[in-house]
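Peer 1: Dropping a structure here in structure tokens format, bear with me for questions.
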Amino acid sequence: MFGFFEKKTSGFSVKWYRKLAEQGDADAQYNLGYMFENGQDTPQDYIEAVKWYRESAEQGGAKAQNNLARMYYEGQSVRQDYKEAVKWFKKAAKQGHATAQNNLARMYYEGQSVRQDYKEAVKWYRKSAEQGYAGAQSNLGAMYETGQGVPKNYAMAHMFYNIAAESGHKGVVEKRNNVAEGMTASQLRKAQRLSGEWTQTHS
């Protein structure tokens, strides 16, 4: 599952954000792009959204890079281009943006404009999961459950599903319970111990 969405950060008006954006303020450019994309305080306009996301992204704004990548991925007011999506997801991911890390991992998992690489997918899922991103935690659990990019390990799968559930990810409880049905009591105890250690380390 992709985790594309990155929200606007505060409540100023389009007029105010535009003034700042035109002065080169990267945060204002991002927020203005978000407002145009979602029709907040202005008619929805994907072309303007892409314009301002790009302005911010080119200044290194990770949130804008992630959202610009999504626009390319979905083909919103730009030609659908997975190569450009990967480019901008990667820029944001390298800055530690958890949503972009999850999205980049998915691109490697699917092999969209990059060589399919489960190990690289696991790498980026893990980076995102370590920041508490529930979608990545669930995705990492699935990699351990199926043995894609990592050795198959039900205890690790159960651990990540459990952590994702605790982080509020919907639908992952069923996955965790399904994995648990094929585990021994010893494996379940190990999974619970690992889950506790992870939570303590990453809280």
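Peer 1: Which lysines, on any chain, are close to Lys94 with Cα under 19 Å apart, when same-chain ones fewer than 8 places away are left out?
Peer 2: Within reach: Lys63, Lys83, Lys119, Lys123, Lys127.
Peer 1: Among Gly33, Gly132, Gly75, whose mean-square fluctuation peaks in a Gaussian network model of the chain (Cα, cutoff 10 Å)?
Peer 2: Maximum among the listed residues: Gly75.
Peer 1: Still on this model: For the pair Val173 and Thr146, how long in nm is the line joining their label points, each one 7 Å along Cα→Cβ?
Peer 2: Going by the 7 Å Cα→Cβ label model, 2.5 nm.
Peer 1: Exposure proxy check: Thr42, Thr146 ranked by fewest other beta carbons within 10 Å?
Peer 2: Values: Thr42 16, Thr146 12.
Placing the least packed residue first, the sequence is Thr146, Thr42.
Peer 1: What is the calculated FRET efficiency for Asp81 to Leu188, with r their C-beta to C-beta distance and R₀ = 45 Å, to the nearest 0.05? Walk me through the numbers before you get to the answer.
Peer 2: Details: r = 45 Å, r/R0 = 1.00.
Step by step, r from the Cβ atoms, then E = 0.50.
Peer 1: Could you line up Ile47, Ile163 from fewest to most neighbouring Cβ atoms inside 10 Å?
Peer 2: On the way: Ile47 10, Ile163 25.
Result, fewest neighbours first: Ile47, Ile163.
Peer 1: If Rh is defined by the Kirkwood formula over all Cα pairs and Rg also comes from Cα, what ratio Rg/Rh do you get for region 1-157? Please list the in-between numbers first.
Peer 2: Working: Rg = 16.6 Å, Rh = 15.9 Å.
Using Cα coordinates only, the ratio equals 1.04.
Peer 1: Could you put Ser77, Ser186, Ser203 in order, starting from the residue whose Cβ has the fewest other Cβ atoms within 10 Å? Working shown, then result.
Peer 2: Working: Ser77 15, Ser186 9, Ser203 6.
Ordered from fewest to most neighbouring Cβ atoms within 10 Å, Ser77, Ser186, Ser203 come out as Ser203, Ser186, Ser77.
Peer 1: What are the aspartates and glutamates whose alpha-carbon lies under 12 Å from the alpha-carbon of Lys175, with same-chain residues fewer than 8 places away excluded?
Peer 2: Counting by Cα, and skipping residues close in sequence, Lys175 has these aspartates and glutamates nearby: Glu145.
Peer 1: Roughly how many whole Å is it from the C-alpha centroid of region 38-80 to that of region 17-37?
Peer 2: 11 Å
Each value in this text was obtained by applying a stated rule to the coordinates, not by laboratory testing. Nothing here was measured: the structure is a model prediction, and the numbers come from that model. Methodologically, a virtual Cβ is constructed for each residue, glycine included, from the backbone with ideal geometry; neighbour enumeration extends over all protein chains shown.
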